[in-house]
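The values are calculated or read from the model by the stated rules, or taken from the named source; none is laboratory data. Being a predicted model, the structure only gives us computed values, none of them experimental. So basically every Cβ, Gly included, is an ideal-geometry build from the backbone, and we count neighbours across all protein chains shown.
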Amino acid sequence: MGDFSYPYKRLYYTFYNWTTFFGWARVLYIVLKTLMELGHEHVYSAVEKPLLVSQTAAVLEVLHGLVGMVRSPITATFPQIGSRIFLIWGILWSFPESRSHVLVSPLLISWSIAEISRFAFFGFKEAAGLTPSCLLWLRYSAFTILYPAGIFCEIGLIYVALPFIKESEKYCIRMPNKWNLSFNYFYSSIVILGMYIPGSPHMYRYMLARRRKVLSNSRKKE
């Protein structure tokens, strides 16, 4: 018996991929336009709303993995999306002092290009059942440059924000309180920063292995 939900899943993924594609395309357009016309100091303020919407929508990908709608392992999806959510909400949105830093522009450019190629790839795959060879190559090759660039910028921006996090004591919970617990956002940010050391190489190796497998299968089909 066939899976009657398949057509609806395909329709949903087609809509999700192309909607997110256009969201990131808008982010890239605004970043480049603002960078050329006003300078890097104004990039975040110009792109904030579409950036927050486009990146926060990625939480759905974690849910897709949790409920088994996609085959991507949650162990690979969650760390990448979690780090980005932390950066846009926990750093850039929470601490305005970090928004005008020069690393914001290359971060958003690398994120945007990576996401545009990824969602275009899956958008064609869901809508037409095939993908242009150029998109296949871009999807599984561009990350070799974009991922390290993005990671470098993420680490840099978290580091830049640390003094402001410590001084403001934002999101900190001090004892005593009715919950009988304490939380230090400054030290938590340092822990997250430290997790990039083992996490980034592991994720990069996973993506390289995935690239070899996909491109090898593609050559066999030709």
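Taking the range 164-204 as the range and being of a type in the set (Lys, Arg) and farther than 25 Å from Ser100 by Cα as the test, the residues that pass are Arg174, Lys178.
Picking from residues in the range 101-129 that are touching a residue at least 60 places away in the same chain (Cβ under 8 Å) and among the polar types (S, T, N, Q), the one that is farthest from Trp18 (Cα to Cα) is Ser105. Only one of the numbered conditions (1) in contact with a Gly (Cβ under 6 Å, 6 or more places away or on another chain); (2) closer than 22 Å to Gly39 by Cα; (3) of a type outside the set (Gly, Ala, Ser) is not met by Thr77, and that is (2).
With respect to Ser72, determine if the residue is touching a residue at least 40 places away in the same chain (Cβ under 8 Å) and polar (S, T, N, Q). Write out each step before concluding.
Details: touching a residue at least 40 places away in the same chain (Cβ under 8 Å): no; polar (S, T, N, Q): yes.
The answer is no for Ser72.
A single entry from Val62, Val31, Val104 fulfils the requirement of being under 18 Å from Gly150 (Cβ atoms) and under 14 Å from the mean Cα position of the chain (by Cα): Val104.
Restricted to the range 90-144, and to residues there that are assigned to a helix (DSSP H, G or I) and of a type in the set (Val, Ile, Thr), the residue that is surrounded by the fewest Cβ atoms within 10 Å (Cβ to Cβ) is Thr144. Against the list (1) in contact with a helix residue (DSSP H, G or I) (Cβ under 6 Å, 6 or more places away or on another chain); (2) under 16 Å from Ile190 (Cα atoms); (3) of a type outside the set (S, T, N, Q), the condition Glu61 fails is (2).
Of the residues that make up the range 160-174, is at least one under 16 Å from the mean Cα position of the chain (by Cα), surrounded by 15 or more Cβ atoms within 10 Å (Cβ to Cβ) and at pLDDT 90 or above?
First, pick out the residues of the range 160-174 that are under 16 Å from the mean Cα position of the chain (by Cα): none.
No: the range 160-174 contains no residue that is under 16 Å from the mean Cα position of the chain (by Cα), surrounded by 15 or more Cβ atoms within 10 Å (Cβ to Cβ) and at pLDDT 90 or above.
If you check Gly82, Gly90 for being among the small types (Gly, Ala, Ser), in contact (Cβ under 8 Å) with a residue 60 or more places away in the chain and within 19 Å of Ile192 (Cα to Cα), only one passes: Gly90.
Scanning the range 25-60 for residues that are under 22 Å from Pro96 (Cα atoms) and touching a residue at least 60 places away in the same chain (Cβ under 8 Å) turns up Val27, Leu28, Val31, Leu32, Leu35, His40, Val43, Tyr44, Val47, Ser54. Filtering the range 7-31 to residues that are under 19 Å from Leu107 (Cβ atoms) and surrounded by fewer than 16 Cβ atoms within 10 Å (Cβ to Cβ) leaves only Tyr29.
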